[in-house]
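Asks: Mind looking over this structure? Questions follow.
The values are calculated or read from the model by the stated rules, or taken from the named source; none is laboratory data. Just so it is clear, the model here is predicted, and its values are computed rather than measured. For neighbour counting, all protein chains shown are included, and Cβ atoms are generated from backbone atoms with ideal geometry for every residue, glycine included. Ligands, DNA and RNA are excluded from the accessible area calculation, which covers all protein heavy atoms including side chains. Shrake-Rupley method; radii C 1.70, N 1.55, O 1.52, S 1.80 Å.
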Amino acid sequence: MKKLASNLTFQVLTAIALGVLVGAIFPDFGAALKPIGGTFINLIKMLITPIIFLTVVLGIGGMGDLKKVGRVGGKALLYFELVTTLALVIGITAANLADPGAGIDARASVATQSAAQAAEASKYTAQATSGEGMHWVDFVTHIVPHSVVGAFAEGEVLQVLLFAVLFGFAVSRMPQEVGGPLLKTFDRLSHAMFGVLALVMKLAPIGAFGGMAFTIGKYGLHTLLPLGKLMLVVYLTMFLFVFGVLNAIMRFYGLSLWRFLGFIKEEILLVLGTSSSESALPRMIDKLERYGCSRSVAGLVIPTGYSFNLDGTSIYLSITAIFLAQAFDINLTLGQEISLIGILMVTSKGAAGVTGSGFIVLASTLAATRIIPVEGVALLLGVDRFMSEARAITNVIGNGVATLVIAKSENEFDEARHLLALQGVGELPGPPEKA
């Protein structure tokens, strides 16, 4: 019993259950616990950029073959585009088949929203129609930071990733007597950072409790009823995507999805409790190294995937867009739906690292199509938080599978370390030593 109580998975599960109870029984108190979950996520976020920088620099600096780096990145981006496009198609198909928006008088519903909800919805509408944040030109130019220090300070993952790749290239071109000692120093710093992460993770149950209590306390279980069908469609579609599409991909590469999910169960539960996929990012890099992926592949694919491989977000966006069309009694033609997929292929790539990203991307897409009223996002305000867990978990699993696929295709997968991971050997605070 003592061993079970000290298990992180058990602690997080217990915390989530307690958070649901507190939020349901004492909603005001639960809603007031928002700072607890937020503070824990901030603790994780403060480690994301230094861990990504050190991991990428060590991976590229020690890889030697720069053509190999470009090949890995190219494969990753191609895989991301194919799989996220498939996720969009699956989401639109599921929404058309299930017809979750049928029978909803959207115009009347939007008109009767409270003043607070209307103000919040108008914020996303204004951001979409003004072109803030989500247009692909802004997204691409935003990757280059105004300053390196600013990128680290503001937690801009893609900007730090760009700098880390360039820094890694520079280190790899240094003479061995200069670059070697520098990489050894970075390796020691990397172990120290993962040690700090291990300390922070001891607070995961508290963060999960605060996040779940706030969600239930603020929005209430009753808010699930009116839009329950939409939520059911979203959850079932993501379930089928994970255990259908991603499972098939894993089997093709000779890996077991079930075993992988068991290996990252703590990260999945952490995302469930915090509704933030970022909370698992540093641990996922560490876990995938332990699972057999090389440091260079894990360090490059996972951070990139957080902006380019958002399977869960893609499914959510496609289903909710079709849902709103149905709610407004707008019959989309096949051409319009294909256009919607094309727009989402671009706008969904800007969803990471932006507050209220789901709403902003959805509003941007609706504004671009000019077919579905952008004000319809107000209908989703009450239940979006409850769907965020599903899309965040799907994003995390999708990025993990992508990393395994790229590692396998590049022969950067250590079968011996993989077998040790499945046996529960090597669960230490820091990343594995380089061979």
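Asks: Residue by residue through the stretch 269-289, note down the ones that are open to solvent by less than 20 Å² (accessible area, probe 1.4 Å) and of a type outside the set (Gly, Ala, Ser).
Replies: Passing the criteria: Leu270, Val271, Thr274, Leu281, Pro282, Met284, Ile285, Asp286, Lys287, Leu288, Glu289.
Asks: In the stretch 290-306, how many residues are open to solvent by 10 Å² or more (accessible area, probe 1.4 Å) and farther than 23 Å from Ala390 by Cβ?
Replies: 5
Asks: Take Ile319 and decide whether it is within 18 Å of Thr93 (Cα to Cα), modelled with pLDDT of 85 or more and crowded, with 24+ Cβ neighbours inside 10 Å.
Replies: Answer is yes for this residue.
Conditions tested, residue by residue: (1) more than 23 Å from Gly73 (Cα to Cα); (2) at pLDDT 90 or above.
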| residue | (1), (2) |
| --- | --- |
| Val234 | yes, yes |
| Phe239 | yes, yes |
| Leu288 | no, yes |
| Tyr291 | no, yes |
| Thr304 | no, no |
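Asks: Do any residues in the stretch 396-425 that are part of a loop (DSSP other than H, G, I, E, B) have Cβ atoms under 6 Å from those of residues that are open to solvent by 10 Å² or more (accessible area, probe 1.4 Å), where the two are at least six apart or on different chains, and which pairs are they?
Replies: Glu412/Ser294
Asks: Please go through the stretch 322-338 and give me each residue that is small (Gly, Ala, Ser) and either open to solvent by 10 Å² or more (accessible area, probe 1.4 Å) or modelled with pLDDT of 85 or more (or both), ordered by number.
Replies: Ala325, Gly335, listed by residue number.
Asks: To continue, here is another question. Applying the selection to the stretch 242-268, what residues are open to solvent by 50 Å² or more (accessible area, probe 1.4 Å) and either within 29 Å of Asn42 (Cβ to Cβ) or assigned to a helix (DSSP H, G or I) (or both)?
Replies: Those that are open to solvent by 50 Å² or more (accessible area, probe 1.4 Å) and either within 29 Å of Asn42 (Cβ to Cβ) or assigned to a helix (DSSP H, G or I) (or both): Phe243, Ala248, Arg251, Phe252, Trp258, Arg259, Lys265.
Asks: Something else now. Test Leu324 against the stated conditions and say whether it is over 18 Å from the mean Cα position of the chain (by Cα) and farther than 29 Å from Ser190 by Cβ.
Replies: When the stated conditions are applied, Leu324 passes them.
Asks: If Leu269 passes every condition in (1) modelled with pLDDT of 85 or more; (2) on the phi > 0 side of the Ramachandran plot but one, which one does it miss?
Replies: Here Leu269 clears every test but (2).
Asks: Conditions: (1) of a type outside the set (S, T, N, Q); (2) over 21 Å from Glu266 (Cα atoms); (3) assigned to a helix (DSSP H, G or I). Met238 meets all but one. Number of the miss?
Replies: Only one criterion is unmet by Met238, namely (2).
Asks: Would you check which residues across the stretch 382-409 are within 19 Å of Lys287 (Cβ to Cβ) and not small (Gly, Ala, Ser) and list them?
Replies: Ile393, Thr394, Asn395, Val396, Ile397, Asn399, Val401, Thr403, Leu404, Val405, Ile406, Lys408
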